[in-house]
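In what follows, a structure is listed as structure tokens, so that the remarks can point back to it.
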Amino acid sequence: MSGHAETGRAAARLLLDGGAAPVLPSGDPACWTAFDEEIRDRLRRGPLSGASRAASLPEAALCHPDGRTREAALAHGPRTPAFWQLAVIRCADWAEPVRLRARALLAERLRAEPGDALRTLTPLVLRTGRRAEGAWALGLVTAACEARPDLAAALLDGTRDTATRRLAARVVVAGRRPGARELARRAASESDPVVCRLWSEAALASMAADGADDAAVDTLLGARAPMVRAAGVTALRRAGRTGEAAGALTDRSALVRACARWAYAQGGGDAHARYLRLWADPASLGPGAVAGLAECGRREDAALLRPLLAHASAAVRARAVAGLRSLECAPPALVLPLLDDPSPAVVREATGALLPHAAALPAGELARRLAPDRPTPVRRAAFRLLRARGGLDQLRAAVALLADEDPGLRGNAESAVQLRRWVHEVPQRNAEVGELLDACAHLFSDYVMASTRRRVGLPG
């Protein structure tokens, strides 16, 4: 249960126990839906006297299990902030009389005070809009936003609710049509990836329609989000600045690098040649340059990547492994020693490169890397590879880790044993298999263990 929902449930319990009326944040719909559910559940379980008392509490009556009580509360309850939040929930009520009365109230509220209603009620409307009867209120609020793009724009800066900001952003883009500079500014300052993409695409569309804006392009290029920087790089072509795409060829994001290669080529540049020029000083290479060269997809470049496996930068070593893997130039003999690299990122990349060759790897070398004195990333990589080998190697490794101090490794080992994919691969009537099964007997019922032993040719 989330902390927000628990806040709502706690407020409901306090109210029914004689406390004050709830003061919950209007921008947190989880609180209100949990409050409604807790009131209803408590009154269903509670004695009749509790239900009678609750009927006299306006907020509790709006959540009462009896539909007639809920309808009466909508008709006569005081129009407090809590009333309107609960009225929104009642718009999706299963009882039609309750639902219709709540909808009439919400429609009137939006007509009378559209700004305040949209600001305070939209988060809850969007949440309850997922319910069977929630589409009506969702459509009403969406239409209200579309009719007043200025109010939708105010929602962007007046709420932290993600769903509300996404709705408001869509309405602003479609109805208010901001200029490229404002769209770029919003894209660069946005943290939600969905809204970020919306602003970025709208900025590109605006510049496609009205012409490139250098200030907007610069704002996009300076953003933290990769998709926004990618939009800025894409816009360089329309702005006649394709030469600047060279600077993005080494960006940390693969998306930005791909857009940079395209934009650079549109201006007649050769991205591959540009990458090769960076190798004049291998010590100064960054991970983006290493990844970018590999992304050009030329196998002859593997000769440039191999020396970087010993580079001082862990990020460069990791990108070099990934690049060799993408070029299909990462033989096991070259990559296996990298399982002992001090960088977890390098170990992860090396493991990914070795997995297709797991059956050909020396099992003894992998098993030695399971020792408790080895770093955790190395031990996890070794077990992942041994598990991929299957059969007796997998079973041995898993049983060896059943009492490991690392909970992640221990859980993976238990899973490997219990899935029993090794059953058809271990040798039949093998004494070592019998000993290993005895060591993991606590993971199975007596019936399953007996069945497993029979399947490997051992007495049950």
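The values are calculated or read from the model by the stated rules, or taken from the named source; none is laboratory data. Predicted model only: the values in this text are computed from it and were never measured. All Cβ positions, glycine included, derive from the backbone under ideal geometry; neighbour counts span all protein chains shown.
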field: Residue in the stretch 183-196 that is surrounded by 23 or more Cβ atoms within 10 Å (Cβ to Cβ) and over 23 Å from the mean Cα position of the chain (by Cα) present
entry: yes
Taking the stretch 331-387 and keeping only residues that are surrounded by fewer than 16 Cβ atoms within 10 Å (Cβ to Cβ), over 24 Å from P307 (Cα atoms) and among the small types (G, A, S), one is left with A359, A360, G364, A371
Checked pairs for the stretch 418-438, first closer than 11 Å to L458 by Cα, second outside any helix (DSSP H, G or I) and not hydrophobic (A, V, I, L, M, F, W, C), C-beta under 7 Å and 6 or more apart or across chains, list as Q428/G457; R429/G457; V433/P427
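For the stretch 71-151, please list each of the helices (runs of 4 or more DSSP H) lying entirely inside it that holds at least 2 residues being buried (at least 21 other Cβ atoms within 10 Å of the Cβ) and touching a Lys or Arg at 6+ places or on another chain (Cβ under 6 Å).
On the way: elements: 81-90, 96-112, 114-128, 135-147.
Qualifying helices (runs of 4 or more DSSP H): 96-112.
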Taking the stretch 10-25 and keeping only residues that are in contact with a helix residue (DSSP H, G or I) (Cβ under 9 Å, 6 or more places away or on another chain) and either among the aliphatic types (A, V, I, L, M) or surrounded by 20 or more Cβ atoms within 10 Å (Cβ to Cβ) (or both), one is left with A10, A11, A12, L15, L16, A20, A21, P22, V23, L24
Does L156 fit the bill of being buried (at least 19 other Cβ atoms within 10 Å of the Cβ), among the aliphatic types (A, V, I, L, M), part of a helix (DSSP H, G or I) and touching a helix residue (DSSP H, G or I) at 6+ places or on another chain (Cβ under 8 Å)? no
Selection from the stretch 19-37 of residues within 14 Å of P58 (Cβ to Cβ) and not in a loop (DSSP other than H, G, I, E, B) yields F35, D36
When E244 is run through (1) part of a helix (DSSP H, G or I); (2) under 30 Å from G175 (Cα atoms), the failure sits at (2)
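Scan the stretch 22-37 residue by residue and report those that are over 18 Å from T159 (Cα atoms) and either at pLDDT 90 or above or aromatic (F, W, Y) (or both).
Residues satisfying the conditions are T33, A34, F35, D36, E37.
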